[in-house]
1. For the full complex of protein chains and a 1.4 angstrom probe, list A:M1, B:M430 by accessible area with the highest value first.
2. I'd like the Karplus ³J(HN,Hα) series for segment B:37-48: coefficients 6.51, -1.76, 1.60, θ = phi - 60°, whole numbers in Hz, and an x wherever there's a Gly or Pro.
3. What length, rounded to one decimal in nm, is gained on full extension from B:I625 through to B:K429, with 0.36 nm per residue of separation minus their alpha-carbon distance?
4. Label points 7 Å out from Cα along the Cβ direction at B:C409 and B:L440: separation in nm?
5. In square angstrom, what is the accessible area per residue of the protein assembly as shown with a 1.4 angstrom probe?
6. Taking Cα atoms, how many degrees apart are the long axis of helix A:22-38 and the longest axis of chain A, rounded to 10 and kept between 0 and 90?
7. Once both labels are modelled 7 Å past Cα along the beta-carbon direction, what's the B:A401-A:D76 spacing in nm?
8. Tally Lys and Arg at +1 and Asp and Glu at -1 over the other residues with C-beta under 14 Å from the C-beta of B:F145: what net charge comes out?
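The values are calculated or read from the model by the stated rules, or taken from the named source; none is laboratory data. Source: prediction; values computed, not measured. Every residue, glycine among them, receives a Cβ derived from its backbone with ideal geometry; neighbour counts consider all protein chains shown. Protein only, heavy atoms only, side chains kept; ligands, DNA and RNA dropped before computing areas. Shrake-Rupley method; radii C 1.70, N 1.55, O 1.52, S 1.80 Å.
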Amino acid sequence: MQKILLAVDRFSTWVGQAFSWLIVALTLFVSWEVFSRYVLGAPHAWAFDVMTMLYGTMFMMAGAYTLSKNGHVRGDVLYGFFKPRTQAAIDLTLYIVFFIPGVVALAWAGYNYASDSWVINEHSNITADGPPIYPFKTVIPLAGAVLLLQGFVEIIRCIICLRQGYWPSREQDVEEVDVGKLKEMVHVKDEDIAQLDQYVVRAPK
Amino acid sequence: MRKELWFGFSLMAILLAGCAFMLLQAASITTGHLGLLMLGLVVVAIMLGFPTAFTLMGMGMLFGWFAYQSVNPDLAVAQILDLMVQRTYAVMSNDVLIAIPLFVFMGYLVERANLIEKLFRSLHLTMARVPGSLAVATIITCAIFATATGIVGAVVTLMGLLAYPAMIKAGYNVKVGAGAITAGGCLGILIPPSVLLIVYGATAGVSVVQLYAGAFFPGIMLAGLYVGYIIVLAKLKPSLMPPLSEEGRRVALPSFAQRLSANGDRALTSLVRGLKGQRNADVPARTIAFQLGVTLLPALTIAVLLVLVFRTVTAPAVVQDVGGLQAMGFAGDAERFDQSSGGLAEPPPDEGTLQEPPVEPANAAQVAEEARIAADKALVQKTESEKAVADAAVRVDAPAAFWIALAICTALLLIFYLKFNFVRLEIFKMLLSSFFPLALLIIAVLGSIVFGLATPSEAAAAGALGGLLLAAAYGRLNYPVVRDSVFLTAKTSAMVCWLFVGASIFSASFALLGGQEIIEKWVTSLGLTPIEFLLLSQVIIFILGWPLEWTEIIVIFMPIFVPLLPQYGVDPLFFGLLVALNLQTAFLSPPVAMAAFYLKGVSPPHVSLNQIFAGMLPFMGIQVIAIFLLYVFPQIGLWLPSVLYGR
């Protein structure tokens with residue numbers, strides 16, 4: 001079971017990470033466009049559309065990746081104080097009540113939305129001769145599908161946790177505040193911090 | 001059961017009881033009451049700890065379906081699906097939110113460029129004579145670094161690793177040091193380019209550019225208040241922050257500087273002497289020339305600036321334009337005069353030759369010749385008048401203010417170079433490689449946004465590119481660094497933007513149910529004055545800051561507050577600044593202050609969480625003072641936007 005869960009995790013992660021490189025493309029593209037507009041005097045009418053497409057595709061496709069790393073923001077007033085079993089029970093209930101209906105609806109609605117767009121061969125109407133927009137709209141059902149898949153994995157995780165009383169493991173990923181890496185970056189060792197303690201103890205209160 | 005759980009559950013119980021009371025109290029239950037119920041339930045659901053984006057999405061969908069169902073049951077499903085997908089697409093193609101991933105990317109890159117160590121060291125050496133120098137340097141390092149990165153956790157952790165040991169070893173009070181680090185680390189929330197202001201701008205429909213311009217001075221003011229507090233405290237109670245020891249201040253001089261010091265300690269004269277004299281011992285000329293170049297940088301910068309100012313002041317565009325117009329006028333008159341005598345293409349040409357050129361080719365040639373002469377004459381006159389104008393332009397004198405400024409700058413430079421010894425040269429070089437690049441990046445990004453040269457997203461992209469270059473300059477542009485930054489950017493922006501998707505579905509349902517109207521009616525019936533309303537709303541936001549994160553507060557509650565603002569004549573821009581300042585306070589308010597936990601994670605074991613909280617309290621007090629100042633003098637925030645955009 002754990003193998004399947006981790007495999008799906010890996011799939012969501014792979015998809016999310018693949019699409020996250022769009023941020024580099026977005027950075028370089030916008031920088032180039034600014035340079036081209038102000039220095040070369042050659043603005044491109046489609047630049048705005050491409051910008052939104054890069055941004056929208058990136059964050060939508062990273063949704064499942066973020067979920068698989070438990071990265072979506074949670075209200076953490078009480079959650080952290082619950083026992084794992086209580087956490088799992090709450091999560092399981094709310095996944096079924098809110099997540100599954102919401103994401104299924106989004107993916108389904110997105111599918112219809114995108115297929116309409118394909119049928120009429122829709123182009124962006126921001127400029128006169130806009131780029132095609134149906135691939136961008138297709139991102140909604142795709143992102144919804146991956147998210148739904150990841151959601152099922154999370155539900156199974158909740159059930160496992162309810163049974164065994166502790167959360168099944170996840171794969172490691174880069175963290176925003178990785179204390180170990182930061183220590184390494186500024187050359188601080190644990191011994192240094194421990195040594196510092198003597199100053200704290202000695203200091204008059 | 002634990003205290004925290006009791007506290008949380010009783011809060012939830014109060015909320016639910018309030019909802020039940022409201023439903024029972026109402027004469028007839030309308031859909032509007034359902035909207036309020038939804039609002040109460042969503043706070044409860046968020047407090048339970050389920051990912052907020054999906055709580056909002058699911059709840060918005062269910063209640064939105066209720067709203068449509070009460071109107072037309074047959075279409076309800078189709079309508080709610082349409083609403084969801086259109087809301088989602090609106091977030092995907094939102095041109096304000098594009099800036100978020102770009103700024104986040106820039107932040108991660110700058111953080112990983114690893115210049116904070118040098119930045120802190122150079123700043124604290126620069127400030128060595130200021131009372132409480134380490135704490136002051138901490139605040140300034142945090143302000144600059146947090147502004148460029150905007151990541152509270154990383155900044156507090158890094159400063160906890162760098163500045164905290166330095167402060168403790170120097171005999172600083174544990175609490176004061178903790179307060180300076182946590183307070184400084186949170187400055188990035190407020191000082192632009194901050195992600196919070198983008199999210200507020202996108203939610204409330206306020207221009208992000210104006211928000212940035214508005215938040216600039218309040219941010220600087222807050223940092224200034226922190227620094228002022230530390231300096232005053234260090235003066236009053238030196239035992240809390242003893243001055244740095246000689247050892248802590250010493251800067252190791254490179255060998256060339258030690259040898260050249262024989263020529264005198266003053267860097268400029270000594271270097272010049274070393275360059276030409278025989279006393280340069282065995283220091284290579286290239287080293288000396290390079291050091292001289294670095295030494296002369298401030299003078300060169302000021303000279304270039306002054307020349308630029310001089311050129312704009314003495315050759316004002318207006319004067320030249322007027323001159324040009326006059327010249328054109330003269331030339332035009334001359335041409336017209338010549339034309340009437342020469343007879344080329346008079347608009348109603350009676351004897352005009354152009355009408356029948358094939359008949360009289362010779363005549364046409366003659367006319368053309370005359371015309372050429374006339375044009376030449378006109379040209380001569382034109383150049384003469386231009387010359388006159390040019391003479392006049394040169395004669396425009398620079399205003400006295402310029403000469404005064406020149407004198408002051410020269411005097412300052414003189415004093416600067418008199419005091420500029422080799423130790424200071426070393427510090428200056430450190431600043432040059434840590435402080436100035438970062439400051440330049442921030443100023444370039446902010447300046448181009450605020451002065452309207454680029455949209456926030458364009459400036460953010462340029463900033464991210466600058467982050468890449470910065471990382472490259474520090475030799476940290478390798479695959480792992482870029483990869484980590486890219487993945488973290490994707491996760492952070494997915495978190496914020498999916499929350500935005502959920503919240504916009506939610507607020508659409510809330511509006512559909514008519515919850516907004518009920519709230520508006522209720523607030524209006526309270527008969528508050530604008531000041532009371534502002535205070536009440538800020539207190540509510542402050543209290544919400546305990547259980548909820550700033551992202552949640554902005555995307556869920558701003559759509560409720562902002563429509564109320566026009567009733568009380570409150571500027572949404574001003575409200576946004578207050579909210580930003582307020583939510584920043586929430587980062588420092590125990591017991592949920594994230595900054596404290598990050599610092600605790602890297603501090604020595606005997607520093608307790610309570611000590612850190614105690615250290616944060618005075619800074620929280622300063623934030624409340626800052627909010628108060630902004631209330632009393634709104635111009636602190638509104639002056640810059642009003643000057644730049646004529647609000």
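1. Values: A:M1 125, B:M430 40 Å².
Ranked list, largest accessible area first: A:M1, B:M430.
2. With coefficients 6.51, -1.76 and 1.60, one gets 4, 4, 5, x, 5, 5, 5, 4, 5, 5, 5, 5 Hz.
3. On the way: separation 196, 0.36 × 196 = 70.56 nm, distance 3.73 nm.
Extending this stretch completely gives an extra 66.8 nm.
4. It is 1.9 nm.
5. Numbers: 38470 Å² over 852 residues.
I get 45 Å² per residue for the protein assembly as shown.
6. The angle comes out near 50 degrees.
7. 5.1 nm
8. Values: positive: B:R112, B:K118, B:R121; negative: B:E111, B:E117.
So the environment of B:F145 carries a net charge of +1.
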